Amino acid sequence: MLQEIYQPNPHYASTAAIKNMDEYHALMNKAKEDYEGFWGDYAKEKIDWFKPFDTVLNESEAPFYKWFEGGQLNVAHQCIDRHLLTRKNKAAIIFEGDNGDQQVLTYRELAYEVNRTANMFKNQFGITKGDRVVLYMPMIPEAAISMLACAKIGAIHSVVFGGFSAEALRDRIIDAEAKLVVTSDGAYRKGNPYMLKPVVDEALSKGCECVQAVCVVERNGEEIHWEPGRDYAYNELVKNESPKCAAEPMESEDPLFLLYTSGSTGKPKGVQHSSAGYILWAQMTMEWVFDLKENDTYWCTADVGWITGHTYIVYGPLAAGATTVMFEGVPTFPDAGRCWRMVEEYQVNQFYTAPTAIRLLHKTGQDEPKKYDLSSLRVLGTVGEPIDPAAWKWYYEEIGGSKCAIVDTYWQTETGGHMISPLPGATPIKPACATFALPGIIAEVIDEEGNPAPIGEKGFMCITKPWPSMIRTIWGDPERFVKSYFGDCKKDGKPVYFTGDGAMIDEEGYITITGRTDDVINVSGHRMGTAEVEAAIKKHSNVAAVAVVGKPHPIKGEGIFAYIVLKSEESLAEEIELTKEINNIIKKEIGAIALCDDIVFVPDLPKTRSGKIMRRILRSIVKNEEITQDTSTLEDPSIVGKIESIVKSCRL
Ligand code: WTA
């Protein structure tokens, strides 16, 4: 297939960290020839160690790999304190509120705030090394400050996205056995206040005995319930603390944070990341993939509740000494020019967002970019889901003025940082293609036997060598860790890390991600486990069986489509009522992000005689595709036709 290729802009390439493909190949060859030497050299150069490490990689308990053992460091020191010598007055965080509030924190100011908060966690709440702290926060500087304060004293944070419900929050608090919850009264969204503290109150109303205190940041000043002896005002307490706090020396492998993410089965998993390996790769990818320069202003629009917010709003940019923009609002408020107005105002050099946002802004604000001066932009990033060629082109031409590199970054919560991405100064780009593995990352598309997948054919996207920022385990469930990631794919007879994604490689070695091969749906770049949504729906007393699949959606990438079998036959009016009730349950159990786009009531699901639901058939029906699967093994083959006609009648 002939495909357009976009060469790197020579003007930027000459000063990029990796300037051409020869440099890329040289780095990759170095990694392949001497893997430990490659990583060991970077670790020595990039990290300000308190104590040097003894070994680079310990594989003796694979897949529980250990990196940089013997070394001691502190991630908050790496992200802030070490910069105070050279960058104390440089802007570390530029905050813009939904309501237009602006705040700039220099590295010195950030250091003071982090230290005060760290001292408050220690002195007021007795938090010490290894304790878990859950953060249920909006996109305000205190979210980043609290994360870094945990890192400073060696506490393990677990940020829970503010869109999750009380039930979802409770599950995560209990699983992590958190001692402290940090939250805010609420925040602002589309010009209106919204609340977070009541969700925490509800989460803590049953169970959660582990939680000793709730520390509440004031953001919108709305009235909230106050539980004496449990709730404490962040803004009051922090004022009295000293702005000095010694960094806790941490072992390389000490956990830095947990972040819960969805898998194909069961409850969300607490992905555990390390200190040294994680921060090393967060920093290196900032420099390589975003081609960061000292005076750049970098903006990633993610939320700190997701991995992108962890690695590419907080840890990566600050470790690299960058100026990072934090935005509380949404890209379409007050209009679809909000982001471009901010790019102009802050003279943003790197802009990083999800294809869903690009599609939305393309659709709702096609003429907006022209109204602003976007000439400061050099690198545009996308993440979270495949980007389609039309959105890619609009991003490239209208936002980037046909001069910026587009880095389509492929990675996951579990990988800690980018795995496959173009390099802005080096990689000739094919639109909507993640291109090549980054230097040091051994990514292979393999078939069932572990051989390279033939060119142009779908295979399993695997990372066949351990890498520093990889997931270390699933919190409290090491067996699930091994089974989830090292159970499906083997190479040379040895289990290798399988991402859960399919991919294709072309004759020039370019990698295109084809999407999840498991029961995970990608809604607006957010991972949703079908099992979780199904478990919520099953809580409705009239639901006998349910199967949830992803349905292509023009803006969100995928929407959630539920096939439901009811216990009793209902009238159409009752079915409409039930649809509402079911979505209310989902909202309560998970949050509004998991609401179903479509619910259809069917007489039965296509099950094999052993009772297994044939989801592939259900996926084909939703996509209006011809059913190629063998339906003769079904308990009732006629059910397929019945479901098809129900779905068709809904479409009309
Ligand atoms: C998908 C987000 C195509 C993929 C950082 C992966 C992508 C899941 C891309 C991880 C991309 C992420 N192209 N698909 N550039 N980036 N994905 O854990 O299916 O929230 O497995 O991490 O998003 O989602 P997660």
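Ranking Pro428, Ile441, Met461 by Cα position along the charge dipole of region 385-509, where only Lys, Arg, Asp and Glu carry charges on their C-beta atoms, puts Ile441 farthest toward the positive end.
Using Cα-Cα distances under 8 Å and only pairs 6 or more residues apart, what relative contact order does the chain have, in percent? It comes to 13 percent, rounded to a whole number. Computed on protein heavy atoms with a 1.4 Å probe, the accessible areas place Thr308, Thr633, Thr265 in the order Thr265, Thr633, Thr308, largest first. Full extension of the chain segment joining Lys648 with Arg615 gains 10.1 nm, where the gain is 0.36 nm per residue of separation less the Cα-Cα distance.
Projecting the Cα positions of Thr261, Ala535, Asn192 onto the charge dipole of the chain (unit charges on Cβ atoms of Lys, Arg, Asp and Glu, taken about the Cα centre) puts Asn192 furthest along the positive direction.
Using heavy atoms of the protein chains and a probe of 1.4 Å, the accessible area assigned to Phe164 is about 20 Å². Do you know the Lys pair count in region 376-480 for C-alpha distances under 22 Å, with sequence separation 8 or more or different chains? Summing the qualifying lysine pairs gives 4. Label-to-label distance, Val482 versus Leu85, with points set 7 angstrom from Cα along the beta-carbon direction: 4.4 nm. By the rule of a C-alpha distance below 12 Å, with chain neighbours fewer than 8 residues away ignored, the aspartates and glutamates paired with Lys129 are Glu248, Glu251, Asp254. Accessible surface area normalised per residue over region 543-652 is 52 Å², counting heavy atoms of protein chains with a 1.4 Å rolling probe.
One decimal place: the segment Glu4-His25 gains 5.3 nm when fully extended, by the rule 0.36 nm per residue minus the C-alpha distance. The residue list Trp299, Gly515, Pro369 was ranked by how far each Cα lies along the charge dipole of the chain toward its positive end, using unit charges on Cβ atoms, and Trp299 comes out on top.
Structure shown: which of Lys152/Lys197; Lys44/Lys293; Lys44/Lys66 lie over 18 Å apart, alpha-carbon to alpha-carbon? Among Lys152/Lys197; Lys44/Lys293; Lys44/Lys66, the Cα-Cα distance tops 18 Å for Lys152/Lys197; Lys44/Lys293. Taking label points 7 Å from Cα along the Cα-to-Cβ direction, Ala62 and Asn451 give a separation of 2.2 nm.
May I ask you to list the chymotrypsin sites (Phe, Trp or Tyr not before Pro) in region 400-448 that are in a DSSP loop and have at most 12 other Cβ atoms within 10 Å of their Cβ?
On the way: sites: Tyr410, Trp411, Phe436; in loops: Trp411, Phe436.
Passing both the DSSP loop test and the Cβ count: no residue.
Remark: the chain carries a charge dipole of roughly 500 debye about the Cα centre, counting +1 on each Lys and Arg Cβ and -1 on each Asp and Glu Cβ. For the chain, the 222 nm mean residue ellipticity estimated from helices alone, with every DSSP H stretch of n ≥ 4 adding -39500 (n - 2.57) and the total spread over all residues, rounds to -8500 deg cm²/dmol. A Förster radius of 35 Å combined with the Cβ-Cβ distance from Glu508 to Lys44 puts the calculated FRET efficiency at roughly 0.50.
Within the same chain, aspartates and glutamates fewer than 8 places from Lys539 are excluded, and of the rest, those with a Cα less than 17 Å from its Cα are Glu167, Asp171, Glu575, Glu577, Glu581, Glu589. The lysines whose alpha-carbon is closer than 16 Å to the alpha-carbon of Lys538, local same-chain residues fewer than 8 away aside, are Lys267, Lys567, Lys580, Lys587, Lys588. The eigenvalues of the Cα gyration tensor, multiplied by 5 and square-rooted, give region 302-434 an equivalent ellipsoid with semi-axes of 21, 18, 15 Å from largest to smallest. Extension gain for Ser541 to Glu223 (0.36 nm times residue separation, less C-alpha to C-alpha distance): 110.9 nm.
Please report the carbon-and-sulfur percent of the accessible area for region 298-386; probe 1.4 Å, protein heavy atoms only, DNA, RNA and ligands left out.
51
The values are calculated or read from the model by the stated rules, or taken from the named source; none is laboratory data. Remember, it's a predicted structure, so these values are computed and weren't measured experimentally. Methodologically, a virtual Cβ is constructed for each residue, glycine included, from the backbone with ideal geometry; neighbour enumeration extends over all protein chains shown. For accessibility, only protein heavy atoms count, side chains too; no ligands or nucleic acids. Shrake-Rupley method; radii C 1.70, N 1.55, O 1.52, S 1.80 Å.
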